[in-house]
Amino acid sequence: MRRFAANLSVMFRELPLLERFEAARRAGFAAVEIQNPYELPAADLARAAARAGVAVVLINAPLGPDQAPGMACRPEHRASFPAALELAAQYAQVLRTPNINVLAGRAAPEERERCLRQLVEHLSLAAVVFEAVNARPLLETINPLDVPAYCVTSFEIATAVLDACDPRVRLQFDVYHAARLGLAPDAAFLRLRERIAHVQFADCPGRHEPGSGTLPFERIFGAIERSGYDGWLAAEYHPSSNQTADTLGWLHA
């Protein structure tokens, strides 16, 4: 069964964040995810989710002081990283969120090995901290075309990191990033299936809604469904219209 969630940080942006929960529910989503929930109190977000009747299935850990794409791989954040994990855990507990995406951050080629060792340490720490609130850390591969110098730019790197860290850390698989890496997303998903705990998607090129690009979503969703994956499929795309509802033909179809 296909279960779809909406990413409220990129969708329904025509509305204030607290109003996006109800908009997502009216559109047909049973769950949502939020990249940066820390701009509002967790209790306010929880009340909005409860009123709308949607689950919050994923948040991101804090990005760091410079709002870079994460800080988990950065040695200079070693002292402050535990506090960031505690904040994420507090939000996950209030929101009853099972998944927390711990973004790695950037690493120059000459420092990549050191940064990968730091990433393993920080992800393993996250597994311990998040277990106390019934959540798990996720590692995401992000393509280097969209985020140059990102630390985890391939599924091979992600697999090596997962092999080295706490087994409670799982993979967040993004259909769009797989396509930008030149992979067939359905084949890549099946190859990594046993490590995957959460799926996000957008069409490619453009990172808009399914049907706006060239990806065969019926084939991709079908492969995911047949694999036995029972987690959420989260729409994380930038709507091609300023009204998100106008881009939901794929969902209603």
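Only the coordinates and a few stated rules stand behind these numbers; no lab work does. The model shown is predicted, which means the values in this text are computed figures rather than measured ones. Cβ atoms come from the backbone with ideal geometry, glycine included; neighbour counts cover every protein chain shown.
The figures follow:
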{"item": "Antiparallel DSSP beta bridges within the chain, percent to nearest 5", "result": "5"}
{"item": "Candidates ALA83, ALA149, ALA31, ranked by Gaussian network fluctuation over the chain, Cα under 10 Å, top entry", "result": "ALA83"}
{"item": "No Cys partner within the rule (Cβ under 4.7 Å), the chain", "result": "CYS165, CYS204"}
{"item": "Between region 114-132 and region 179-253, the Cα center-to-center distance that results, in Å", "result": "28"}
{"item": "Shape parameters for region 102-161, alpha-carbon atoms, Rg then Dmax in Å", "result": "12.0, 37"}
{"item": "From phi via Karplus (6.51, -1.76, 1.60), per-residue ³J(HN,Hα) for region 226-237 in Hz, x at Gly/Pro", "result": "5, 6, x, 4, 10, x, 8, 10, 9, 6, 10, 10"}
{"item": "Whole-Hz ³J(HN,Hα) from phi, Karplus 6.51 cos²θ - 1.76 cosθ + 1.60, for region 20-36, glycine and proline x", "result": "6, 4, 5, 4, 5, 5, 4, 6, x, 8, 9, 8, 9, 9, 9, 5, 10"}
{"item": "For ALA31, distant residues with modelled amide H under 5 Å away", "result": "ALA6, ALA55"}
{"item": "The chain - charge dipole about Cα centre, Lys and Arg +1 at Cβ, Asp and Glu -1, debye rounded to 20", "result": "420"}
{"item": "P(r), alpha carbons of region 56-232 - 5 Å bins starting at zero, rounded %", "result": "1, 9, 18, 20, 21, 16, 10, 4, 1, 0"}
{"item": "Cut-off under 5 Å, modelled amide H: who pairs with ASP174 long-range", "result": "THR141, GLN200"}
